[in-house]
Structures are given as C-alpha cells and as structure tokens.
Amino acid sequence: MSPARRRHDPERAQRIIDAAIRVVGAKGIAGLSHRSVAAEADVPLGSTTYHFKTLDDLLVAALRQANEGLARTVADSPALADPDADLAGALARLLGEFLVPDRGRAELEYELYVAALRRPALRPVAAEWYAAASEELTRRTDPVTARALVAVMDGITLQVLLTDTAYDEAYAREVLSRVLRTA
C-alpha cells in the first residue's frame, strides 16, 4: 500500500469490515482477530484497532452490513406492496434467493447473527434485523403475524443451514401459508 494511501484512506473502515466478513467466512468467528483482519484488509494492525476498538465492535459492524443487504431484499419485494400478491409464496421465494445462490454467504450471515447468543454486544443488531423485517411485513399483515412469519423464516433457514439439506420452497410456502391462515 502506498504511503499516500495510508495517510488518507476514507474507505479503510469499510475495507476492514469487508475483510472481517471474509475472515469469518473462511475461518469462522473463532478465527477472527484484529491481526487476521489487518492481514486480509492489507492495512496496518493499528488501523483495525483505531476503527474498531474491540472485536465485538468489528462484529457489530459486520453483522449490521450483512443485515442491511437482507433487509433491503425484503423491503424491495414487490409482493409486500401488492395486497393481492401471494405473501407466503413471495417470502418462500425470498428465502430461496437468500439460501440457494450463495449458501456460503447465508452461512456466514447466520453465523454472525447466531453469535449474538454468546456476544451480548451483537444482540441489539440482531434485534434490529428482526424488528425491521417484522415492520416490513406489517405492510401486509398484523404485527403478531409478522413476527411469527419472521420466526418461521428464521427456523427454516436454520434447519436448512444446520442439516445441510436442500432448500424446499414448496415446504416453506406451505408452512408460511399456515401461519397466515391462522391470522
């Protein structure tokens, strides 16, 4: 890296977050350290600790970035704006779009999400995702049903990721339809 880039690098924090996501993807959260992220981002070690004092600070930033992509996908779904669209089918399709094309990315994002079980600093960010997804779904259903749909989608995602099975869109659509029918 050139000395000029080291002195003024407005993208450095973002490169560090991206590097942290790559490290977690390759080595898991256990492999994350300021040193491993600095090496991956090609920045001095002091840069990682300057921008992110603790590993939890870095994990919060990584989880927040992962959440933003998924939240944007949900928010941009035309089915949420169309009261006549098949909501269960649309949500099942969204899950498939999350799980199927890049399963490694889905595993990475859920590893960050589930890390909140042991890292309290991550819990507010995990809660932000849950609240944002539920809020988006209230455009089509009541708040209790919206929360139930998010819980079912989380459960299906975890089943697929933890059992290494293929995503079954028809199953997801049926389960989500049952939640909607009871509402």
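The values are calculated or read from the model by the stated rules, or taken from the named source; none is laboratory data. If you're wondering where the values come from, they're calculated on a predicted model, not measured in any experiment. Every residue, glycine as well, gets a Cβ built from its backbone with ideal geometry; the counts of neighbours run over all protein chains shown. The area values use the complete protein model at the heavy-atom level, side chains included, leaving out ligands, DNA and RNA. Shrake-Rupley method; radii C 1.70, N 1.55, O 1.52, S 1.80 Å.
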For Rg/Rh (Cα atoms, Kirkwood Rh) the list reads (1) 1.62; (2) 0.95; (3) 1.04; the calculated value is entry (3)
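Report the gain in length on full extension from A81 to A170: 0.36 nm times residue separation, minus Cα-Cα distance, nm rounded to one decimal.
Full-extension gain reported as 29.8 nm.
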Leaving out ligands, DNA and RNA, what percent of the accessible area of segment 17-102 is carbon and sulfur, probe 1.4 Å?
-> 53
Fluctuation leader among T163, T49, T141 - the chain, Gaussian network, Cα springs under 10 angstrom | T163
How many Å² of accessible area per residue for the chain, probe 1.4 Å?
-> 53
For segment 8-95, which trypsin sites (Lys or Arg not before Pro) are both in a DSSP coil and crowded by at most 14 other Cβ atoms within 10 Å?
-> K53
Positive minus negative residues near I29 (Lys, Arg vs Asp, Glu; Cβ under 10 Å) | +2
Per-residue ellipticity at 222 nm for the chain, helices alone: DSSP H runs ≥ 4 residues times -39500 (n - 2.57), over residue total, nearest 500 deg cm²/dmol?
-> -23500 deg cm²/dmol
Spherically averaged projected area in nm², based on the convex hull that wraps the Cα atoms of segment 1-90 = 7.7
